[in-house]
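The values are calculated or read from the model by the stated rules, or taken from the named source; none is laboratory data. In this text, all values refer to a predicted model and were calculated from it rather than measured experimentally. Backbone-built Cβ (ideal geometry, glycine too); neighbour counts: all protein chains shown. Note: areas computed on protein heavy atoms with side chains; ligands, DNA, RNA excluded. Shrake-Rupley method; radii C 1.70, N 1.55, O 1.52, S 1.80 Å.
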Amino acid sequence: MASINLARRMAMAAAIVGVALSSQSHPGLAQEAPTKISGKTPQPTASIPKPPPRITPSKTTTKILGPLDDDGYVDYVAALNEIYGRGVTPENNAGLLFVRASRIDGFGPAERKRFFELLHCEPLPEQGAYLADIEEYVQKRLGRPPSQREKQRGPWLAQDFPLIAQWLQFNEKPLQLVVEGTRRPKCYFPFVLPKGECLIEMPLPAVQASRTAAHLLVTRAMLSLQRGEIRQAENDLLACHRLGRLIGTTPYCIGTLVGLSIDTDAWAAETELMRCDALSAAQALDYQRELRRLPPLPRLDEIVDQGERLTFLQSLGVLARPKGLNGERPTVWKEMPPFVSETTLLDWSEVLLVANDQFDKAVAVIREPTIPRRQAAWERFHRELTAMHEEVKRGDFNKLPLRNQLSQKAISREIGKILITSLFPAVRAVSEAENRAEARVILAQVGFALAAYRADHGSYPKDLSELAPRYIAQVPADPFVERPLHYERRPDGFLLYSVGANAKDDGGASLGEKPSSDDIVIKVVRSLASTRANEQTTVVDESSLRRYETLFGLMGLATILFSLAMFFGVATTLVRLFATRRLSTCLAFVHVAIAAAGLLVLTYAAVLHGLPFFGLASLSLFAVAALAGVRIFAAFHLRKKTVPGWLLLGHGAIAIAALALLCMADHRIDVLYRPLRTAPLRQLEARNASPAQRIVATRANIGRALVEPTARSN
């Protein structure tokens, strides 16, 4: 829908037209003067005929001729149910299973009942086993939002992320319904709406919940991939693709955007599959064929030509009716003055002609055969729509008598321009998303061809031409510029990308990485810990190694500071008891400084790894230790008697805090970086390993050398 400012501008312009029309006399255009109301309000009788409809159905105005409602207007809700429900049965409708897996909200009691009747399904209870996203699950379970690490979608293990494993288990039943639904060919959700309301305001059941289902499928696929269960991971990713393409067929642009977003989630996760060393050439080519067998991406031209167009025309039909026919004005038309729907001066056929003309142009743009031609056509369409909008903004209906400027037809077309420039759907944005999805399909085909080539030859090809015809029939071109895709072989993987909508080579920088960059990129960094058939897949990347090195350094520094603090604490006590006060004062100062530094390091390490409880605990213990140290320092400096309890409290608090946090951090490192320590040495010492990776491999080897003899002797 349009922004509030545009809606208010639209309402103001319409109000100006209304004032001008009502203040001028014009043969054939003047409204009848209101009759004087007597003291008694006349009661309506059954004999009063309904006013004739202000819109005459035709192919050029309403686009469809029926069915008609009781007031003689086209019943677009019934028409859309007929169009999209054609050939749908409970057995082939994926939407039925998606609804059963989702919580249905936004309908009134009557509409909810009607929705399930059209779906041929018993009404679902308000509470049940429905999909719950990660935010909702964690908030209800722990009373906090999930952390970024808990939202991660890379390969993972249940023992490292028990909360995510519980979330998957909680959603197991509804997710099974979704997977079963993705195997069905059709996806239909009935249209239900109270009389007089606009289709723009209709809830979209299960469409938003499908984003949760996609997140679950990708998360489960990454769990399977980490376990080495490649086939299970592929099944979930294919189900995610099918889910997005089914949801994308819903007759709204928002449904198409959600569907394309789901398809993109699966495509992004497939990068992890491409980099998996356990993926054989046969498996890569088989998955490549499965991707080609998927249903096609949603047809945006059909969605705009039918769903969005009929929805817009239905909204104009609601506006054209007198308020008395519909009671309360729909929310979308609250800003419009009563003149627009109550006057008889507008020719609504002309208003609809203006709207249909813009939809015809948009559909023609979408049907351009190539992306470059589509983009050029969108530029022309955008310039024309902007010029129309500026023309409407400049229009001043109060300069001259309206009868000397505008006829009824001209007035109606002006109102049509106001409405179409304010409320035309964001079709271009959806078309651009469709273009990106088309490029991703091509990149995925080439990416799995590269994975198969590497599985056969041990390295990636120097040029994409080496892939044809064994791994791909023909290397496709970049659909945005109709030139070869950009490919770069690297020591640790490859970089493959399309230049994106700006048609410029941004060096593989995707959207948001650089100003104006929008390359569509597959960047594969070979994992250094992979699996065979029955081994665990472990992904080791540079960011994890750098984080491990940082934390390792922090823990070493904290240990040194802890040791120094304890040494100076004991030295302070001994000097105070057996030597001079001045020396003990200096030692106490050093003791407090070192203890403070050590605890700050530990606090930083705790907070860095998303452990606010331990972070706050360390700060509290540090406060106690600091107070004790300050008390000792002050006593020494002021030559007052020092209470032995303060010495004990200060040293004890520091020791307990440091020891507790050291143990906690060590356990956290063990959980987070177990794959780095347990990865097979032959993989960590691969010939393309970086220096940091070789350090980890050496440490892992030393650790096993120390532990394994003990284990064997035991």
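At 0.36 nm per residue, and after removing the present C-alpha to C-alpha distance, how many nm does the segment from Glu379 to Ala410 gain when stretched out fully? Could you put the intermediate results ahead of the total?
Working: separation 31, 0.36 × 31 = 11.16 nm, distance 2.72 nm.
Between Glu379 and Ala410, full extension yields an extra 8.4 nm.
What's the local net charge at Phe494, with K and R +1, D and E -1, over the other residues with C-beta under 12 Å away? Please report the intermediate quantities before stating the final value.
Working: positive: Arg275, Arg454, Lys462, Arg489, Arg490, Lys523, Arg526; negative: Asp463, Glu488, Asp492.
Value of the local net charge: +4.
Tell me, what ³J(HN,Hα) does each residue in the range 437-445 have, in order and in whole Hz, if you take phi through Karplus 6.51 cos²θ - 1.76 cosθ + 1.60 with θ = phi - 60° and put x for Gly and Pro?
5, 4, 5, 5, 4, 5, 4, 5, 4
Determine ³J(HN,Hα), in whole Hz, for all residues of the range 67-73 in sequence, where each value follows from phi through the Karplus function 6.51 cos²θ - 1.76 cosθ + 1.60 and θ = phi - 60°; x replaces Gly and Pro.
x, 9, 8, 5, 9, x, 9
Binning at 10 Å from 0, report for the range 114-157 what percent of all alpha-carbon pair distances ends up in each bin.
For the range 114-157, the binned pair fractions read 22, 32, 21, 22, 3 percent.
How charged is the neighbourhood of Ser58? Take every other residue with its Cβ under 14 Å from the Cβ of Ser58, and add Lys/Arg as +1 and Asp/Glu as -1. Working shown, then result.
Numbers: positive: Arg54, Lys59, Lys63; negative: Asp347, Glu350.
Around Ser58, the surrounding residues sum to +1.
How much of the accessible area of the range 227-302, in percent, comes from carbon and sulfur atoms when a 1.4 Å probe is used? Mind dumping the intermediate values first?
On the way: 1260 of 2450 Å².
In the range 227-302, the share of accessible area belonging to carbon and sulfur is 51 percent.
With all protein chains present, how much of the accessible area of the range 74-114 (probe radius 1.4 Å) comes from carbon and sulfur, to the nearest whole percent? Mind showing how you got there, number by number?
Numbers: 930 of 1850 Å².
C and S atoms contribute 50 percent here.
Pull up all non-local amide H partners of His486: gap of 5 or more, or a different chain, and H-to-H distance under 5 Å with H placed in the peptide plane.
Placed amide hydrogens put Tyr497 under 5 Å from His486.
Please count, across the range 137-260, the pairs of lysine residues with Cα atoms under 28 Å apart that sit 8 or more places apart or on different chains. Mind showing how you got there, number by number?
Details: Lys140/Lys151; Lys140/Lys173; Lys151/Lys173; Lys173/Lys186; Lys186/Lys195.
For the range 137-260, qualifying lysine pairs total 5.
I need the phi-derived Karplus couplings for the range 496-509: 6.51 cos²θ - 1.76 cosθ + 1.60, θ = phi - 60°, integer Hz, Gly and Pro marked x.
Taking θ as phi minus 60°, the curve returns 10, 7, 9, 6, x, 5, 7, 6, 10, 7, 9, x, x, 8 Hz for the range 496-509.
For the range 241-282, with every protein chain kept in place, what is the accessible area per residue (1.4 Å probe, Å²)? Please list the in-between numbers first.
On the way: 870 Å² over 42 residues.
Here the per-residue accessible area is 21 Å².
Tell me which residues come under 5 Å, amide H to amide H, from Leu68 once H is placed; ignore anything under 5 positions away on its chain.
Close amide H contacts, sequence-distant or interchain: Asp75.
Report the percentage of all Cα-Cα pairs in the range 162-312 whose separation exceeds 28 Å, rounded to a whole percent.
Working: 2992 of 11325 pairs.
Percent of Cα pairs beyond 28 Å in the range 162-312: 26.
Using amide H atoms built 1.01 Å from N in the peptide plane, name the residues 5+ places from Asp347, or on other chains, whose amide H lies under 5 Å from its own.
Placed amide hydrogens put Ser412 under 5 Å from Asp347.
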